[in-house]
1. For the range 74-91, how many residues meet the condition of being open to solvent by 20 Å² or more (accessible area, probe 1.4 Å) and either part of a loop (DSSP other than H, G, I, E, B) or without any contact (Cβ under 8 Å) to a residue 60 or more places away in the chain (or both)?
2. State which residue is nearest to residue 36 (Cα to Cα) when the search covers only the range 98-113 and only residues that are over 11 Å from the mean Cα position of the chain (by Cα) and either assigned to a loop (DSSP other than H, G, I, E, B) or aliphatic (A, V, I, L, M) (or both).
3. Among the numbered conditions (1) part of a strand (DSSP E or B); (2) out of contact with any Phe, Trp or Tyr (no Cβ under 8 Å at 6 or more places or on another chain), tell me where residue 50 comes up short.
4. What are the residues in the range 58-73 that are assigned to a helix (DSSP H, G or I) and either open to solvent by less than 20 Å² (accessible area, probe 1.4 Å) or farther than 26 Å from residue 13 by Cα (or both), if any?
5. Under 6 Å between Cβ atoms, which residue pairs at least 6 apart in sequence (or on different chains) link something in the range 47-73 that is among the charged types (D, E, K, R) with a partner that is part of a strand (DSSP E or B) and open to solvent by 60 Å² or more (accessible area, probe 1.4 Å)?
Amino acid sequence: QVQLVESGGGLVQPGGSLRLSCAASRTIFSIGAMGWYRQAPGKQRELVARITSGGTTNYADSLKGRFTISRDNAKNTVYLQMNSLKPEDTAVYYCNAEFWGYWGQGTQVTVSS
């Protein structure tokens with residue numbers, strides 16, 4: 001049973017932008033933090049950003065200023081706005097429901113000219 005549904009990945013040129021979305025059920029969304037992680041080929045999965053149910057955000061230091069996480073409680077959806085994308089941002093991006101331990105299926109983001 002799919003608990004988290006991600007969308008918004010794709011191919012973008014360097015300097016471009018993408019917005020990822022992750023939809024969850026109200027029960028899942030309302031308890032605990034939601035986060036975005038990414039995993040590049042040959043590398044470990046790493047935290048990109050997380051947002052608590054109260055709206056407090058945390059970011060990977062290297063991504064501050066380019067990426068913004070937000071949540072729409074009415075839509076039970078968390079977003080990741082990614083700006084000024086670089087080739088090194090290429091990875092599979094995963095949504096995470098921290099309290100429940102659920103992961104999305106992943107969405108590929110490729111930054112290339």
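1. 8
2. The selected residue is 98.
3. Condition (2) is where residue 50 drops out.
4. 63
5. That search, which allows pairs on different chains as well, returns 50/58.
The values are calculated or read from the model by the stated rules, or taken from the named source; none is laboratory data. These figures come from a predicted structure and were not determined experimentally. For neighbour counting, all protein chains shown are included, and Cβ atoms are generated from backbone atoms with ideal geometry for every residue, glycine included. Accessible surface areas use protein heavy atoms only, side chains included; no ligands, DNA or RNA. Shrake-Rupley method; radii C 1.70, N 1.55, O 1.52, S 1.80 Å.
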